[in-house]
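Q: Below is a structure I'd like to ask you about.
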Amino acid sequence: MDDLEVGYDIPAAIGDSLDDVQTPALIIDLDAFERNCAGMRAKAEGMNVRLRAHAKTHKSADIALYQMARGGACGICCQKVSEAEALVRAGITDVLITNQVCGPNKIARLARLAKLARIIVCVDDATNVSDLSRVMTEHAVTLEVLVEIDCGSGRCGVRPGMPAVKLAQQVAASPNLVFAGIQAYHGSAQHIVDAVERRSAIVKSTAAADRTVGLMREVGLKCTIVGGAGTGTFDLEGMSGIYNELQCGSYIFMDAHYGMIRADDGGRVGGFENALFVLTSIISRAEPKRAVCDAGLKAHSVDSGLPTVFGRPDLTFVDASDEHGTIDDPGDTLSINTKLKLVPGHCDPTCNLHDWYVCVRGTKVEALWPVTARGKVF
């Protein structure tokens with residue numbers, strides 16, 4: 001038993017070479033990651049807007065702390081109370097939950113968190129506002145609140161304009177709640193491949209946010225935060241003069257789907273690089289022109305498409321089952337134990353499948369970062 005307790009639950013050790021990493025493993029190219037963080041920081045500063053980086057992408061306290069210390073982030077976003085709890089425990093002191101928090105147990109946890117850090121939450125329902133106010137009052141804490149508007153995604157959010165204003169007035173009048181502004185995130189627009197179509201969608205959502213903020217101003221409500229935007233559209237919201245906080249997440253890693261999103265000049269949106277990979281090994285060459293790797297559905301998410309093989313345009317990842325990935329290899333170039341870097345189709349849910357980030361500088365493992373909030377979906 002002693003042998004099984006020593007180092008067998010991590011895919012690599014600091015100082016290992018990339019060839020020594022046990023696969024499948026989630027790896028970060030630190031040079032690309034740092035360039036992505038620096039790039040977004042410079043873009044936000046250039047547009048004179050705040051960056052509140054979204055931790056639902058990485059679920060890592062180490063990355064969140066890096067984003068706040070060196071990546072220009074004023075705070076962190078997350079999606080669930082359990083994510084917020086994990087980040088606050090790790091020392092993050094400014095967290096926006098970009099979601100509705102409902103139910104007595106979750107609201108009570110939110111109140112406890114508000115004693116430890118600045119916590120902001122979104123609302124789109126009058127009953128939820130009343131519940132939040134009651135529990136915050138019971139716990140003698142104050143909670144900042146954003147009214148979420150549906151600006152095009154058809155998901156959460158009250159209608160823009162007067163419905164949002166009425167809800168904001170309720171928030172402002174509720175004990176132990178502070179109206180802080182609006183949440184106006186057009187999620188589906190992030191993934192519109194064509195630049196012209198994507199811009200058209202954001203023009204509409206920005207107009208809805210602008211109209212809502214104006215109406216709130218007329219009734220004496222100040223929007224300290226007008227938040228939204230993601231990796232696919234941040235430049236459009238950032239230059240609008242309406243938004244003052246960006247909530248980008250995937251920019252630090254990028255993925256195969258974001259690799260298809262085009263900027264106005266035809267290049268990659270934002271100019272960000274692939275920094276996240278699933279390192280995999282070939283474990284079968286039973287048939288010519290076909291190889292099987294050890295990274296299947298349990299190693300990367302395929303909801304946005306299959307992964308691509310980084311740096312190998314001659315290879316195509318064609319199928320995935322639970323534990324295996326099938327790769328077309330027309331030139332029969334692959335051998336048993338050959339390692340490949342896969343760019344996941346969707347980075348966010350891929351990260352939630354792993355316990356560790358293996359952080360690599362060049363070909364050497366420099367750090368191991370736990371996926372702090374893995375499985376924190378409640």
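Q: Right, residue 93: closer than 25 Å to residue 224 by Cα and among the hydroxyl-bearing types (Ser, Thr, Tyr) or not? Step through it out loud before you land on a result.
A: Details: closer than 25 Å to residue 224 by Cα: yes; among the hydroxyl-bearing types (Ser, Thr, Tyr): yes.
Spelling it out, residue 93 is indeed closer than 25 Å to residue 224 by Cα and among the hydroxyl-bearing types (Ser, Thr, Tyr).
Q: Still on this structure, please answer the following. Going residue by residue through segment 285-296, is there one that turns out to be under 24 Å from residue 58 (Cβ atoms), surrounded by fewer than 23 Cβ atoms within 10 Å (Cβ to Cβ) and within 24 Å of the chain's Cα centre (by Cα)?
A: For segment 285-296, residues under 24 Å from residue 58 (Cβ atoms), surrounded by fewer than 23 Cβ atoms within 10 Å (Cβ to Cβ) and within 24 Å of the chain's Cα centre (by Cα): present.
Q: Follow-up question, since we're still on this one. When both residues are 6+ apart or on different chains and their Cβ atoms are under 8 Å apart, which pairs have a first residue that lies in segment 301-329 and is in contact (Cβ under 8 Å) with a residue 24 or more places away in the chain, and a second that is outside any strand (DSSP E or B) and of a type in the set (Ser, Thr, Tyr)?
A: Taking only residues 6 or more apart or on different chains, the pairs are 301/350; 315/333.
Condition check ((1) at pLDDT below 95; (2) under 26 Å from residue 48 (Cα atoms)) across all residues:
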site: 206; (1), (2): no, yes
site: 210; (1), (2): no, yes
site: 218; (1), (2): no, yes
site: 227; (1), (2): no, yes
site: 251; (1), (2): no, yes
site: 266; (1), (2): yes, yes
site: 277; (1), (2): no, no
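Q: Tell me, which residue of segment 234-262 that is part of a helix (DSSP H, G or I) and hydrophobic (A, V, I, L, M, F, W, C) is nearest to residue 78 (Cα to Cα)?
A: My answer is 252.
Q: Still on this structure, I have one more. Can you name the residue in segment 51-88 that is under 16 Å from residue 378 (Cα atoms) and of a type in the set (D, E, K, R) and, of all such residues, is surrounded by the most Cβ atoms within 10 Å (Cβ to Cβ)?
A: Applying the filter and picking the extreme gives 59.
Q: Taking segment 107-140, which residues are of a type in the set (Lys, Arg) and in contact (Cβ under 8 Å) with a residue 40 or more places away in the chain?
A: Hit for segment 107-140 is 118, nothing else.
Q: Taking residue 301 as the residue in question, decide whether it is polar (S, T, N, Q) and part of a loop (DSSP other than H, G, I, E, B). Outline the logic, then answer.
A: Details: polar (S, T, N, Q): yes; part of a loop (DSSP other than H, G, I, E, B): yes.
Yes.
Q: In the list 31, 20, 9, which residue meets the criterion of being closer than 25 Å to residue 323 by Cβ and modelled with pLDDT of 95 or more? Give the derivation first.
A: Values: 31 fails: closer than 25 Å to residue 323 by Cβ; 9 fails: modelled with pLDDT of 95 or more.
From the options 31, 20, 9, the qualifying one is 20.
Q: Still on this structure: Return the total of residues in segment 43-72 being of a type outside the set (S, T, N, Q) and free of Cβ contacts under 8 Å to residues at least 24 places away in the same chain.
A: Looking only at segment 43-72, we keep the residues that are of a type outside the set (S, T, N, Q), and these are 43-47, 49-56, 58-59, 61-66, 68-72.
Of the ones still in play, those that are also free of Cβ contacts under 8 Å to residues at least 24 places away in the same chain are 46, 69.
Total meeting the criteria: 2.
Q: Looking at the structure I just gave you, is residue 365 under 21 Å from residue 259 (Cα atoms) and either at pLDDT 95 or above or assigned to a loop (DSSP other than H, G, I, E, B) (or both)?
A: Values: under 21 Å from residue 259 (Cα atoms): no; either at pLDDT 95 or above or assigned to a loop (DSSP other than H, G, I, E, B) (or both): yes.
For residue 365, the condition - under 21 Å from residue 259 (Cα atoms) and either at pLDDT 95 or above or assigned to a loop (DSSP other than H, G, I, E, B) (or both) - is not met.
Q: Give the residue, chosen from 143, 96, that is surrounded by 17 or more Cβ atoms within 10 Å (Cβ to Cβ) and in contact (Cβ under 8 Å) with a residue 60 or more places away in the chain. Break it down stepwise before answering.
A: Values: 143 fails: in contact (Cβ under 8 Å) with a residue 60 or more places away in the chain.
The conditions single out 96.
Q: Would you tally the residues in segment 313-337 being part of a loop (DSSP other than H, G, I, E, B) and crowded, with 16+ Cβ neighbours inside 10 Å?
A: The initial filter retains those residues of segment 313-337 that are part of a loop (DSSP other than H, G, I, E, B), namely 313-315, 321-324, 329-337.
Subset that is crowded, with 16+ Cβ neighbours inside 10 Å: 315, 324, 329, 334.
Of the residues in that region, 4 qualify.
The values are calculated or read from the model by the stated rules, or taken from the named source; none is laboratory data. Keep in mind the model is a prediction, meaning the values are calculated, not measured. Because the Cβ atoms are built from the backbone with ideal geometry, glycine has one as well, and the counts that use them run over all protein chains shown.
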